[in-house]
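No value in this document is a laboratory result; all are computed from the given coordinates. For clarity, every value in this text was computed on a predicted model and none was experimentally measured. Here Cβ is always computed from backbone atoms with ideal geometry, including for glycine, and neighbour counts include all displayed protein chains.
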Amino acid sequence: MLYRNTPDRFGLVTRALHWSVAGLIVVQLSLGFRIADLQPGLANLWLYSLHKSLGLTVFALMAIRILWHLASPPPAPQGGGWQARAARAVHWTIYALMILIPLSGWVASSATGIDVMLFDRFVVPPIAPVSETWETTGFAIHAVATKLLMALLALHIGAALKREMDGDGTLTRMIKGRP
């Protein structure tokens with residue numbers, strides 16, 4: 001079993017990180033939309049707490065994923081030209097957003113002055129002063145970056161499906177690890 005990437009295969013670590021983060025993003029988007037429709041209160045505090053904990057988990061996994069990406073570069077996109085450059089740009093923008101979104105949520109939550117708890121076990125240190133300006137700015141960045149991420153994920157998924165229908169095998173390699 002290949003743990004590292006090769007020039008023509010995605011290794012197990014890359015695939016595990018990809019699909020773990022993908023699953024968490026789906027859950028996070030669902031929670032985020034649910035939370036946006038709720039009035040803040042003690043009855044829904046657990047949803048906010050879960051959203052924050054999973055967001056910090058995405059943040060940590062993305063840090064690991066970027067380091068892994070640098071240590072074990074993924075296979076080059078099939079083909080070349082503008083599509084390969086576009087794929088790289090979209091991937092790195094998605095990576096940046098999956099760091100920015102949890103980070104902006106952490107800033108906004110820290111700015112409220114309420115402790116951020118990781119799975120109700122550990123207090124996460126605040127990274128912003130208690131400030132309405134920091135809170136408002138953090139949540140605004142969080143919302144805009146999330147919308148941009150959703151658009152890029154739709155593009156990413158659409159491109160992956162198109163490439164699979166064209167027979168390039170990228171999706172199969174990301175699922176099974178082999179061409």
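Overview of results
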quantity: Extension gain, Tyr3 back to Lys147 (0.36 nm per residue minus Cα-Cα distance, nm); calculated: 48.5 nm
quantity: Principal-axis tilt of helix 12-36 within the chain, Cα atoms, nearest 10 degrees; calculated: 40 degrees
quantity: Backbone HN-Hα couplings from phi across the stretch 104-120 [Karplus 6.51/-1.76/1.60, Hz, Gly and Pro as x]; calculated: 5, x, 5, 4, 4, 5, 4, 5, 6, x, 8, 4, 8, 9, 8, 6, 6
quantity: Rg/Rh for the stretch 12-176, where both radii come from Cα atoms and Rh is the Kirkwood radius; calculated: 1.02
quantity: Extension reserve of the Trp92-Ile35 stretch, reckoned as 0.36 nm per residue once the Cα distance is removed; calculated: 17.7 nm
quantity: Nearest 10 degrees, 0 to 90: helix 45-71 Cα axis against the chain principal axis; calculated: 40 degrees
quantity: By average C-beta atoms within 10 angstrom, highest first, the peptides 98-106, 150-158; calculated: 98-106, 150-158
quantity: Amide H contacts of Thr6 (H built 1.01 Å from N, under 5 Å, at least 5 apart or other chain); calculated: Gly11
quantity: Normalised contact order of the stretch 96-138, rounded percent, pairs of Cα under 8 Å and 6 or more residues apart; calculated: 42 percent
quantity: J(HN,Hα) series, the stretch 169-178, from Karplus relation 6.51 cos²θ - 1.76 cosθ + 1.60, nearest Hz, glycine and proline x; calculated: x, 4, 5, 4, 5, 6, 8, 9, x, 9
quantity: Under-5 Å amide H pairs with Gly79, H placed in peptide plane, nonlocal only; calculated: none
quantity: Backbone HN-Hα couplings from phi across the stretch 136-142 [Karplus 6.51/-1.76/1.60, Hz, Gly and Pro as x]; calculated: 4, 5, x, 5, 5, 4, 4
quantity: For the chain, with +1 on Lys and Arg beta carbons and -1 on Asp and Glu, the positive-most of Leu153, Ile101, Leu12 along the dipole; calculated: Leu12
quantity: For the stretch 1-65 and the stretch 84-140, distance of Cα centres in Å; calculated: 13 Å
quantity: Positive-pole candidate from Ala89, Ile35, Phe59, dipole of the stretch 12-176, charges at beta carbon; calculated: Ala89
quantity: Pairwise label distance in nanometres, Leu45 with Thr133, each label 7 Å out on the Cα-Cβ vector; calculated: 3.0 nm
